[in-house]
1. Other chains' Cβ within 10 Å of A:63-72 residues: what's the mean?
2. What value in Å³ per residue do you get for the convex hull of the alpha-carbon atoms in the stretch A:66-142?
3. Taking a label point 7 Å out from Cα toward Cβ, give me the nm distances from C:Met105 to the same spot in the other copies, shortest first, one decimal.
4. Semi-axes of the protein assembly as shown's equivalent ellipsoid from the Cα gyration tensor, sqrt of 5 times each eigenvalue, largest first, rounded to whole Å?
5. Taking a label point 7 Å from Cα toward Cβ, how far is A:Leu84 from its twins in the other copies, in nm, shortest first?
6. Tell me the distances, shortest first, between C:Lys122 and the same position across the other copies, using label points 7 Å along Cα→Cβ, in nm to one decimal.
7. For chain C, what is the mean residue ellipticity at 222 nm derived from helices alone (per DSSP H run of n ≥ 4: -39500 (n - 2.57); sum divided by total residues; nearest 500 deg cm²/dmol)?
8. Just to confirm my numbers, what's the Cα centroid distance between the stretch A:145-179 and the stretch C:41-78 in Å?
Amino acid sequence: MAAELEVIEQQIAAMKEQLAELSGRVQENKLSTVVFSGDLDRVLASFIIATGAVAMGMEVVMFFTFWGISVLRDKNKNAGEKDLMGKMFGAMLPKGAGSVKLSKMNMGGMGTTMMKTLMKKKNVASLDQMIELAGELGVQIYVCEMSMDLMEFKREEMIDYPNMSFCGVAKFLEEAMHSKIQLFI
Amino acid sequence: MAAELEVIEQQIAAMKEQLAELSGRVQENKLSTVVFSGDLDRVLASFIIATGAVAMGMEVVMFFTFWGISVLRDKNKNAGEKDLMGKMFGAMLPKGAGSVKLSKMNMGGMGTTMMKTLMKKKNVASLDQMIELAGELGVQIYVCEMSMDLMEFKREEMIDYPNMSFCGVAKFLEEAMHSKIQLFI
Amino acid sequence: MAAELEVIEQQIAAMKEQLAELSGRVQENKLSTVVFSGDLDRVLASFIIATGAVAMGMEVVMFFTFWGISVLRDKNKNAGEKDLMGKMFGAMLPKGAGSVKLSKMNMGGMGTTMMKTLMKKKNVASLDQMIELAGELGVQIYVCEMSMDLMEFKREEMIDYPNMSFCGVAKFLEEAMHSKIQLFI
């Protein structure tokens, strides 16, 4: 009898280990998005999804890269010294949420203005307001350091946001790996 | 001996609970897509993936938002009363799967026509046919209410589709959270 | 006592089965991406994510479809016989990583050239180099057969890459289903 009990106890111990291992592999209640696009419509969608996810109790992480970073530039901040290429990029790319355009039907800015008018009329928050809300809700923003370097964006020209860090692709992958939902926007 | 058995039974009960909890956290055999784009090529890809997933035994949920909703408009239906902005949007945005364009190489419509000709020649189903097939296969379509409201699209101008509902971002997140695969298209 | 032991053993056997079933449903340490876009910036991002994931010990699978396939064409290879449509597509679409353009700010090629100059200056690998690196790291590339057929691309005009196969959407879904991270780029 004692021998049988010992076998059972060993089996139970083995299963406990398996359970713990499995539990570590199951993804967490987290959303990770890559915000690659810098278009008003797509970035807006990413923030609507992000704030919606927080409201449902999810942890949210947004990784801004490439064109997406433009949205986080503060139009009132000065970037300091840049070389020629950096100045050109800085001048050509939108500076902040207020100056990004629609991906379609921009029509020289008319479509974008029309959309913003509609959003105001329908009480949809503006992109600026959405970013502020995301900050208040604890949405974590990571900014891709390689893109920052490439486009010669400086940290000091980014908006004030409570949870903003600068990192590489490994950080995003680590977060995404543990997230139930991952989206490339 | 009886005491030892009791301990074992308690451990088994605890593991059963853990197993049930873990099982609830593991994602289901489901695919959730956000169809944000209204481009012929991207929407087509979303339906090829969706119908392919059903064929593999997956449950499929498509969440149409922003430009994507244009594809679901019925060119033969009338939207009824709209205000000026609504009329403008209604007129400028494509009306249905037959009028959407390629994201690249549209070339004033020539590229889109060329692609459609090629698709017919190669026996690739048209977007209209793909949507019909998806409906027959039980693919669930959700339409983003906020976008509908913003663009002043009316429910009565949408195509007849067996499994179409109107909802908010929370519904998408709930589905995505339980899906093995999530894609933003 | 023996009867109680038997009950316990049955319970343990049942739990073992559940554990095995659950373990099969938990997603693996794998990344699956759909590379739909053929834009320099987006394809570059997909390779930066892919090689980053390998560096973190993940298995990586990239599924190239539609415009994305252009990137894999070898500019020095000849496709052989094609009909008129095939020739037109072949001529209009970029041929290889060296000829793809930025999705934004291409400005008749100037923006793309500027970006490439910046990348070289900042020691960011070119797309050609990234593809080579991905091959060395064992990243699996799948090419969508339906798109190949549609655009009349031939296998013999594709680049030499160690792990390239041609397949349908079912293959992608199978991989994605077992991957922790899936991205549509």
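1. Details: counts 0, 0, 4, 8, 6, 0, 0, 1, 0, 0.
The mean count of partner-chain Cβ atoms within 10 Å per residue comes to 2.
2. 123 Å³
3. 2.6, 2.7
4. Details: eigenvalues 348, 151, 151 Å².
With the √(5λ) rule applied to the protein assembly as shown, the semi-axes are 42, 27, 27 Å.
5. A:Leu84 label point versus its equivalents elsewhere: 4.8, 4.8 nm.
6. 3.5, 3.5
7. Details: 7 runs with 86 residues, N = 185.
Value at 222 nm, helices only, nearest 500: -14500 deg cm²/dmol.
8. So the two Cα centres are separated by 22 Å.
Readers should treat all values here as calculations from the given coordinates under stated rules, not as data from a laboratory. This structure is a prediction, so every number in the text was calculated from the model and none was measured. Please note: Cβ atoms are built from the backbone with ideal geometry, for glycine as well, and neighbour counts cover all protein chains shown.
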